[in-house]
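Shown next, in C-alpha cells, is the structure this report addresses.
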Amino acid sequence: MEGLVAKLWKEILGVEIKLPLPRMDFDESMRRFGNDKPDLRFGLEHVDFTDVVKAHNGGGVPLFEEILAKKGIFKAIRLPKEYSLSRKDFDALEKEAKGMGSAGLGRAKIGEGGAWSQTPFAKTISDDLRLAINKACGAEEGDSIIFQMGRAAMVHAVLANIRLMLGKKFDMIPAYGTRNGDWKFLWVVNPPLFEFDEENQTWVAAHHAFTRPHDEDIQYLESDPERVKCHRYDLVLNGFEIGGGSIRLHDPEVQKKVFKALGIDDEEARRKFGFLLDALKCGAPPHGGIALGMDRVVMLLTGAASLRDVVAFPKTLRGTDLMTGAPGDVTAKQLEDLHIQPVYPDSKADSGS
C-alpha cells in the first residue's frame, strides 16, 4: 500500500514520498493530538497534565478535585505569545467546546513569575500546582494555555477540534481545498479492540468484532477489555483517514472470548454467527486486508474543497443520483421476482410502485 500511494503521488503530482511511512501507536496519537487521524503539518500538540494535578491533590481548586474523583483527565494546548486571542476569539472556541458536550473551556494567560490571569482558577489554585502546570506545558511569560478536563473521550475530542481551529486561524495549515505540497503521511496502528458505550454501560467493538487481538492481550478479554489492543491500521494524510484495514480473527476459541466480552453468550453467538464459527473450525488461515478511500485520495490529490467535487456518482440530500436519475420506477414483475410486496398494492401492474 505504501508503494501504491508513493507511485500515485509521483506519477500524478511529481512528488517523492519517502518510504517507509512513519508509524504511530493509537495511544500516542490520542495523547498528543486527541484523535486517531492527526494532522502533522503543524504543532500545538496536547499536553496531558493529569498526573500533575493528582500529585498536588487538585491544588486547592474544588473543580479539579471533583474531576479527579470522577477519574477524569486534564489536557492543555500551549499557545505561544506571538499568537494572541481576543475575547471574541476565545468565546468562539468555547462555543465550539460546549457544542461538543463540554461545560466550558479553560484559559490562562501566563504573566510575570508564572502568574495566571484571565481565568477564575487564579484565585484558588495553589502556587505549586500553577507553576507545575506551566512547567508541564512549557509555558512562559506571555504564552497562554487552553485546557479541558473531564471524561477522556470528551477532552480528547474537544481539544482535537480546538487545535484544528487554532491551526487554521493562525495560518499554520492551509485551508481545505489547498494543494501546497506538504504531504504528511502516517500509519496509526495498534488501537483498542473495544470502546465503552457510556449510554448503555457496556463494551462494544471499536472497529468490528472480528478483528484479531494482540496475542499477549488475549488474557485480558474477560478481565480487562480496555487493555486489549488489536491488529488494525489506518493510513492518515494531513488530518484525513485515506485508508484502513485489519488482520481478521481466525481462531474460533478466541472469537468466542471476544463475543463474551461484548456480552454475547454462546447461544446468541451461535444464533447470530454460527456460520462464521463453523467456518473458522474448518481451518481459516490468518488473513487480513486494507482499502483506500479513493474519493478522499482524489480530493486531496486535486486540491478539491469537498468530496462532492470529486465523487463519481454524487447524491443529493434526498438520496437521488443526478446522473442516472436513480431511484427510478420498478415494475410489478421486478418486485415479484424479488418477492417484494408493492407499497401501493392497488397500483397498476405495468407502472411499477
Taking the range 212-268 and keeping residues assigned to a loop (DSSP other than H, G, I, E, B), surrounded by fewer than 16 Cβ atoms within 10 Å (Cβ to Cβ) and not acidic (Asp, Glu) leaves 214, 223, 263
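Specify the residue that is nearest to residue 66 (Cα to Cα); the eligible residues are those in the range 131-152 that are touching a residue at least 40 places away in the same chain (Cβ under 8 Å) and of a type in the set (S, T, N, Q).
Only one residue tops the list, namely 148.
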**Message:** Looking at the structure I just gave you, is residue 113 small (Gly, Ala, Ser), over 24 Å from residue 34 (Cα atoms) and assigned to a helix (DSSP H, G or I)?
**Reply:** yes
Suppose the filter is without any contact (Cβ under 8 Å) to a residue 40 or more places away in the chain and not assigned by TED's automatic domain parsing to the domain that holds residue 149; does residue 11 pass it?
yes
Flagged pairs (Cβ under 8 angstrom, 6 or more apart or on separate chains; first in the range 207-234, touching a residue at least 24 places away in the same chain (Cβ under 8 Å); second of a type in the set (Asp, Glu) and part of a strand (DSSP E or B)) are 234/241
### Query
Is there a residue in the range 67-85 that is assigned by TED's automatic domain parsing to the domain that holds residue 134, aromatic (Phe, Trp, Tyr), farther than 17 Å from residue 134 by Cα and outside any helix (DSSP H, G or I)?
yes
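Given the condition of a type in the set (A, V, I, L, M, F, W, C) and in contact with a strand residue (DSSP E or B) (Cβ under 9 Å, 6 or more places away or on another chain), answer yes or no: does some residue in the range 263-279 qualify? Walk me through it before giving the result.
So in the range 263-279, the residues of a type in the set (A, V, I, L, M, F, W, C) come out as 264, 269, 273, 275-277, 279.
Next cut, in contact with a strand residue (DSSP E or B) (Cβ under 9 Å, 6 or more places away or on another chain) only: none.
No: zero hits.
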For residue 36, the lone unmet condition from (1) in the same structural domain as residue 128 (by TED's automatic domain parsing); (2) touching a Pro at 6+ places or on another chain (Cβ under 7 Å) is (1)
Among the residues that make up the range 34-50, is at least one of them exposed (fewer than 15 other Cβ atoms within 10 Å of the Cβ) and either at positive phi or outside any loop (DSSP other than H, G, I, E, B) (or both)?
no
Can you confirm whether the range 58-76 contains a residue that is within 15 Å of residue 164 (Cα to Cα) and not acidic (Asp, Glu)? yes
| query | Would a scan of the range 160-167 turn up a residue that is modelled with pLDDT of 95 or more, small (Gly, Ala, Ser), outside any loop (DSSP other than H, G, I, E, B) and assigned by TED's automatic domain parsing to the domain that holds residue 62? | reply | yes
Does residue 259 qualify as being among the aromatic types (Phe, Trp, Tyr) and touching a residue at least 40 places away in the same chain (Cβ under 8 Å)?
yes
Within the range 193-209, residues touching a helix residue (DSSP H, G or I) at 6+ places or on another chain (Cβ under 7 Å) and either assigned to a loop (DSSP other than H, G, I, E, B) or modelled with pLDDT of 90 or more (or both) come out as 194, 209
Here the residues within the range 138-155 that are surrounded by fewer than 22 Cβ atoms within 10 Å (Cβ to Cβ) and outside any loop (DSSP other than H, G, I, E, B) are 150, 152, 153, 154
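With the condition kept exactly as written, say whether any residue in the range 302-319 is among the small types (Gly, Ala, Ser), in contact with a Phe, Trp or Tyr (Cβ under 7 Å, 6 or more places away or on another chain) and closer than 29 Å to residue 202 by Cα. Break it down stepwise before answering.
Step one: list which residues in the range 302-319 are among the small types (Gly, Ala, Ser), which gives 303-306, 312, 319.
This time we only want the ones that are in contact with a Phe, Trp or Tyr (Cβ under 7 Å, 6 or more places away or on another chain), so: 305.
Now narrow it down to the ones that are closer than 29 Å to residue 202 by Cα: none.
Within the range 302-319 (the criterion being among the small types (Gly, Ala, Ser), in contact with a Phe, Trp or Tyr (Cβ under 7 Å, 6 or more places away or on another chain) and closer than 29 Å to residue 202 by Cα), the answer is no, since none of the residues qualifies.
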Among the residues of the range 10-33, the number that are under 25 Å from the mean Cα position of the chain (by Cα) and part of a helix (DSSP H, G or I) is 8
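The values are calculated or read from the model by the stated rules, or taken from the named source; none is laboratory data. None of the values given here were measured: they were computed from a predicted structure. We place every Cβ from the backbone using ideal geometry, glycine too, and count neighbours over all the protein chains shown.
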